[in-house]
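Let me begin by presenting the structure, written as structure tokens, before commenting on it.
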Amino acid sequence: MAPLALLGGTFDPVHYGHLRPAIEVRESLGADELRLIPGHVPPHRPQPRLAAARRADLLDRAVAPIPGLVVDRRELVRAGPSYTLDTLRELRRMIGDRRPLCFVMGGDAFGGLCSWYQWHKLTDYAHLVVTTRAGYTATPATGPRGAPPQWLPDRQAATVQALRARPAGLVYFQPVSRLEISATAIRRLLAQGRSAQGLMPDCVWQPVASQGLYGYPQV
Ligand code: ATP
């Protein structure tokens, strides 16, 4: 059955390192839809620079021309920390028990998975699809730091077809184009008054530059 795919993040701001892997994963999974879910109050990292609504507006612009990518604002309207487990439970209720749900994350995020709220329950509701990220070494040999040794071998799927055959419970490593782009590096460039054009779609770059976001000098 065609899965529903999800990519959570702060998207502060959205860049091609989010968009290109999202496009590739959606195609590889055969998912009709990949939802990008901006977090409101991330529980396990510094608070975002830009307000949630503005980050989501930039995401809207970024995905508008890309078939199958949509923005899901459910974490923005929920009070308190944006726990992924709550989001997966909500979406599981929405799609029913049978359809596969795939939560996509970069290798960096996967490495720190054990710090997430009730992390061991995530696979009760979804599969985890771990993408390659330049500079990080999440390979099938190295599961999340601190996980029991059998946690990954017990769940690892060898093929994408395995994900389509059941609703949740597996971990799959999906190679994607390695784009060495991060929102942290983009924020640093902008704060120094340097351009971030080419690291994000022009439809995102234009409001970032013209509104002087992240400390970029307004023209
Ligand atoms: P920051 O630098 O502020 O930590 P970020 O660029 O890592 O931000 P996030 O919004 O935290 O972006 O990332 C959301 C998701 O996208 C995470 O699962 C992350 O691993 C993944 N991701 C971000 N950038 C890349 C990239 N260049 N290649 C592959 N995956 C990425």
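Just so it is clear, none of the values below were taken in a lab; they were calculated from the coordinates. Source: prediction; values computed, not measured. Quick reminder, even Gly has a Cβ in these numbers, built from the backbone with ideal geometry, and neighbours come from all protein chains shown.
Figures for the structure shown
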{"item": "Residue in the range 35-50 that is basic (Lys, Arg), in a loop (DSSP other than H, G, I, E, B) and near the ligand (Cβ under 9 Å from one of its atoms) present", "result": "yes"}
{"item": "Residue satisfying condition, being without any contact (Cβ under 8 Å) to a residue 40 or more places away in the chain and among the aromatic types (Phe, Trp, Tyr), within set Phe110, Phe103", "result": "Phe110"}
{"item": "Qualifying residue in the range 171-184 (condition: in a helix (DSSP H, G or I) and either crowded, with 18+ Cβ neighbours inside 10 Å or on the phi < 0 side of the Ramachandran plot (or both))", "result": "yes"}
{"item": "Check on Ala134, more than 10 Å from the ligand (Cβ to nearest atom) and in a loop (DSSP other than H, G, I, E, B)", "result": "no"}
{"item": "Members of the range 117-137 found to be hydrophobic (A, V, I, L, M, F, W, C) and over 20 Å from Leu4 (Cβ atoms), listed by number", "result": "Trp119, Ala134"}
{"item": "From Leu122, Leu170, Leu128, Leu179, residue being touching a Lys or Arg at 6+ places or on another chain (Cβ under 7 Å), closer than 22 Å to Arg26 by Cα, of a type in the set (A, V, I, L, M, F, W, C) and within 15 Å of the ligand (Cβ to nearest atom)", "result": "Leu179"}
{"item": "Selection status of Arg55, more than 20 Å from Ala31 (Cβ to Cβ) and either within 16 Å of the ligand (Cβ to nearest atom) or among the hydroxyl-bearing types (Ser, Thr, Tyr) (or both)", "result": "yes"}
{"item": "Residues that are surrounded by fewer than 23 Cβ atoms within 10 Å (Cβ to Cβ) and part of a loop (DSSP other than H, G, I, E, B), drawn from the range 94-114", "result": "Gly96, Asp97, Arg98, Arg99, Gly112"}
{"item": "Odd one out for Gln161 among (1) within 16 Å of the ligand (Cβ to nearest atom); (2) outside any loop (DSSP other than H, G, I, E, B); (3) among the polar types (S, T, N, Q)", "result": "(1)"}
